[in-house]
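J.: My questions will all concern the structure given below.
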Amino acid sequence: MKRSFVIAKKDFKTYFISPIGYLVLSSFLLVTGFMFYQRLLFFVRQSFIGSQTGEPVTATLNDAIIKPLYGTINLLFLFLIPLITMRLISEEKKQKTMELLLTCPISSGQIVVGKFLSALFLITLTLVCTLTYPLILYIGGNPDMGQVFTMYIGLVLLSACYISVGVFWSTLTENQIIAAVLTFISLLFLWIIDWGAQNSSQLMTSTIYYISIMRHFESFGEGMINIKDTVYYLSFCSIALYLSYLGIEKQRGSL
Amino acid sequence: MIEVRNLIKNYGAIRALDDISFTLNKGEILGFLGPNGAGKTTTMRIITGFISPSSGTVKVAGYDVVEHPIQVKKKIGYLPETPPLYNEMTVSKYLKYVAELKDVHKDRISSNIDKVVELCGLKDVKDRIIGNLSKGFKQRTGLAQALINDPEILILDEPTSGLDPKQIIEIRNLIKSLAGERTIILSSHILPEIQMTCESVIILNKGKIVSVEHQKNLSKYLTGNNSYEMTLTKADEKLLRSIKDLDKVLDVGFISGKDNAIYIDAKGHDDIRAQLIKIAICNNYEVLEFKNKDVTLEDVFLKLTTQEDVNTI
């Protein structure tokens, strides 16, 4: 585990040696900031109209601002995570530095975990930056901070799943673009899979709902930490990372 | 120290290594010699644990590479053919990273870095970005990386390829200075290089061991041969005849493509150079150049492979 952190630390720093780390952070904050501002304006206007006409305002801060905001974050993940995971292992292969990693006293599994953690650290950092928005609401209003908290837990778990898919594709190719495209397609498919649920039999529907990565986020959005959904996310990551490990071992010719 | 038994590696239908076996004792320097695609890199990659063998075993200091990879990797410093460098890092940060990966104790990291920087002559470029360094410095950084955890075994894959002559000499001297308590395997396709640095040599061709030679025996291919080249102001049949009359001369003839140059093959190990020159001068020929015929790797291979054919017949 200690050596995984060595890799994670180095790769996390690499994000900020190249422009990619700054690019991810700034574009992320730009889009979410814009969304937050628009949502806030809308909410303020609604409340103003409500107070003029005497109609009660039914929407809460959480429903009107925070939930849509996290829908946006989720969408951004879909585009940005393939970009931050694509280089993780493909770059090592292309630069022939994989030969260094695999001849150091460190196992393929530790390498995979280290790579996974480096991207997870970057995503967690961007998420920490977005804490500004609920903080602003907290200063000026009275949002449900418990729900905000569970949403962040959910988002970290969700992004971990996305990253693990990215790590997996990155182990299979030297080409970063291919890794990014395959990651994006896989994530998109996991997103839209429950659209197919309506047209299927009972059993298929429940299976698809179980597989669908977004369904499992719902409880976190409602302010709950559901064991079932947490287990789903954790096992999703473990399977994807295990497959990445198998990918590396296969290329070493040991399988 | 290193024990390789019946090593086979297949890449799909291609057999890259075919039944390679050898042992190497502590403190020895072994050279792999062979043309491209002979299996030098593959053998090294298996010993270092980068790839797995299809069958056969490799034991390093008593540990099996497949069963105890971590133990084995701790003992080995490896410089691949392309030095594994991160172009965006500085030399010292890179070395620190590798030291951490190789589990060098925290207190020893900075002293180890200083040591290898000194040893590999990287002092002036320590804080420069690796991507901006010249090929020679990159190669040295690669070597420094292999030495960072003070390994008992060094495996160097074509450590001098792509360097200029001055750098080649420096790297060779460096390797020589590292010998002693360390066990070293290095590969090359340059015969004199292997001869200069290694105590024993394994010649590989098409995935098989063609020959295992001690350094002294190897020198027969280089200097002990009795083939000479003579360039004169004028060469004709008359001179050839008089040379051929010497009883040790096996064959003599013109070298195609060169004017007034002849080759002489002689048998036995007696030196007939003096006689040859005397004959030329006594017959009023002027000798411009006289030398032992250059032995190329191709010649050695030809010799070894044809010898083998004769044996099998």
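Derivation of every value follows stated rules applied to the coordinates shown; laboratory data play no part. What you are looking at is a predicted structure, and each value in this text was computed from that prediction instead of being measured. Cβ sites come from the backbone with ideal geometry, for glycine too, and all protein chains shown count toward neighbours.
J.: Rounded to the nearest 20 debye, what is the charge dipole size of chain A about its Cα centre when +1 sits on each Lys and Arg Cβ and -1 on each Asp and Glu Cβ?
T.: 800
J.: What aspartates and glutamates does residue B:123 reach when the alpha-carbon gap must be under 19 Å and sequence neighbours fewer than 8 apart in one chain are set aside?
T.: B:88, B:114, B:150, B:170
J.: Given bins 10 angstrom wide, list per bin the percent of all Cα-Cα distances in the range A:2-253, short to long.
T.: Spelled out per bin, shortest first, that is 7, 28, 31, 21, 9, 3, 1, 0.
J.: Rounding to the nearest 20 debye, state how big the charge dipole of the protein assembly as shown is about its Cα centre with +1 on each Lys and Arg Cβ and -1 on each Asp and Glu Cβ.
T.: Its charge dipole is roughly 680 debye.
J.: Now a separate question. Give the average, rounded to an integer, of partner chain Cβ atoms located within 10 angstrom of each Cβ in A:242-252.
T.: Per-residue shielding by partner chains comes out at 1.
J.: In addition: Among A:53, A:150, which comes first, then next, by fewest other beta-carbon atoms within 10 Å?
T.: Starting with the residue having the fewest Cβ neighbours, the order is A:53, A:150.
J.: Over the range B:106-166, what per residue volume does the convex hull of the Cα atoms give, in whole Å³?
T.: Taking only Cα atoms, the range B:106-166 has a hull volume of 101 Å³ per residue.
J.: Still on this structure: Rounded to the nearest 500 deg cm²/dmol, what is the calculated helix-only ellipticity per residue at 222 nm for chain A, with -39500 (n - 2.57) per DSSP H run of length n ≥ 4?
T.: -26000 deg cm²/dmol
J.: Suppose every K and R has +1 on its Cβ and every D and E has -1 on its Cβ; what is the size of the dipole of the range A:63-205 about the Cα centre, in Debye to the nearest 20?
T.: With Lys and Arg at +1 and Asp and Glu at -1, about 260 debye.
J.: Would you grab the residues whose amide H sits under 5 Å from the one on residue B:205? Only those 5+ places off in sequence or on another chain, please, with H modelled 1.01 Å from N.
T.: Here the answer is B:210, since their amide H atoms fall under 5 Å of that of residue B:205.
J.: Okay, moving on. Please give the helix A:20-53 orientation as an angle from the longest Cα principal axis of chain A, in degrees from 0 to 90, rounded to the nearest 10.
T.: Roughly 10 degrees, rounded to the nearest 10.
J.: Here's a follow-up. Output ³J(HN,Hα) for the range B:247-262: one whole-Hz value per residue in order, computed from phi by the Karplus curve 6.51 cos²θ - 1.76 cosθ + 1.60 with θ = phi - 60°, and x for Gly and Pro.
T.: After applying 6.51 cos²θ - 1.76 cosθ + 1.60, I find 6, 8, 7, 8, 8, 8, x, 7, 8, 5, x, 10, 7, 6, 10, 10 Hz.
J.: Listing A:216, B:68 from the residue with the fewest other Cβ atoms within 10 Å to the one with the most, what is the order?
T.: By the 10 Å Cβ count, ascending: B:68, A:216.
J.: Which lysines, on any chain, are close to residue B:206 with Cα under 22 Å apart, when same-chain ones fewer than 8 places away are left out?
T.: B:9, B:40, B:303
J.: Which entries of B:115/B:138; A:10/B:166; A:250/B:73; B:26/B:115 show an alpha-carbon separation above 25 angstrom in the structure shown?
T.: Distance filter (> 25 Å) returns A:10/B:166.
J.: Further, regarding this structure: Using the structure shown, list the pairs from A:96/B:126; B:75/B:208; A:9/B:176 with a Cα-Cα distance above 31 Å, or answer none.
T.: A:9/B:176
J.: So for chain B, what percent of the C-alpha to C-alpha distances run longer than 23 Å?
T.: Percent of Cα pairs beyond 23 Å in chain B: 64.
J.: Using a Gaussian network model of chain B whose springs link C-alpha atoms within less than 10 Å, name the residue from B:244, B:126, B:208 with the highest mean-square fluctuation.
T.: B:244
J.: Another question about this same structure. Would you kindly derive the ³J(HN,Hα) couplings of the range A:116-125 from the backbone phi angles with the Karplus curve 6.51 cos²θ - 1.76 cosθ + 1.60 (θ = phi - 60°), listing them in order in whole Hz, with x for Gly and Pro?
T.: The phi angles translate into 4, 5, 4, 5, 5, 4, 5, 5, 4, 4 Hz.
J.: Would you work out which of B:132, B:38, B:68 lies farthest towards the positive end of the dipole of the range B:1-154? Charges go on Cβ: Lys and Arg +1, Asp and Glu -1.
T.: The residue sitting farthest along the positive end of the dipole is B:132.
J.: Check cross-link reach from residue A:115 to the aspartates and glutamates: straight Cα distance under 17 Å, and skip same-chain residues fewer than eight apart.
T.: Leaving aside aspartates and glutamates fewer than 8 places away in the same chain, those within reach of residue A:115 are A:11, A:91, A:92, A:99, A:174, A:249, B:100.
J.: Grab the DSSP H runs of chain B that are 4 residues or longer, score each as -39,500 (n - 2.57), total them, divide by all residues and round the 222 nm result to the nearest 500 deg cm²/dmol.
T.: Value at 222 nm, helices only, nearest 500: -11000 deg cm²/dmol.
J.: So for the range A:2-253, taking the charge dipole from beta-carbon charges (+1 Lys/Arg, -1 Asp/Glu), which of A:25, A:158, A:138 sits furthest toward the positive end?
T.: A:25
J.: A follow-up question, please. Determine which residues of the range A:232-255 fall in the zone a paramagnetic label at residue B:67 would reach in this model, i.e. backbone nitrogen under 19 Å from the point 7 Å along Cα→Cβ.
T.: Answer for this model: A:254-255.
J.: Another one. Could you list which residues have their amide H under 5 Å from that of residue B:82, counting only those 5 or more apart in sequence or on another chain, with H placed in the peptide plane?
T.: none
J.: Another question, if that's okay. Which whole-angstrom value gives the distance between the alpha carbon centres of the range B:8-81 and the range B:83-159?
T.: The range B:8-81 and the range B:83-159 have Cα centres separated by 23 Å.
J.: Quick one: order A:169, A:191 by neighbouring beta-carbon count within 10 Å, fewest to most.
T.: Result, fewest neighbours first: A:191, A:169.
J.: Can you give the translational diffusion coefficient of the protein assembly as shown in µm²/s, computed by Stokes-Einstein from the Kirkwood radius over Cα pairs at 4 °C and 1.567 mPa s?
T.: So the translational diffusion coefficient is about 45 µm²/s.
J.: Would you work out which of A:186, A:106, A:226 lies farthest towards the positive end of the dipole of the range A:2-253, given +1 charges on the beta-carbon of Lys and Arg and -1 on that of Asp and Glu, about the Cα centre?
T.: Value computed over the given set: A:106.
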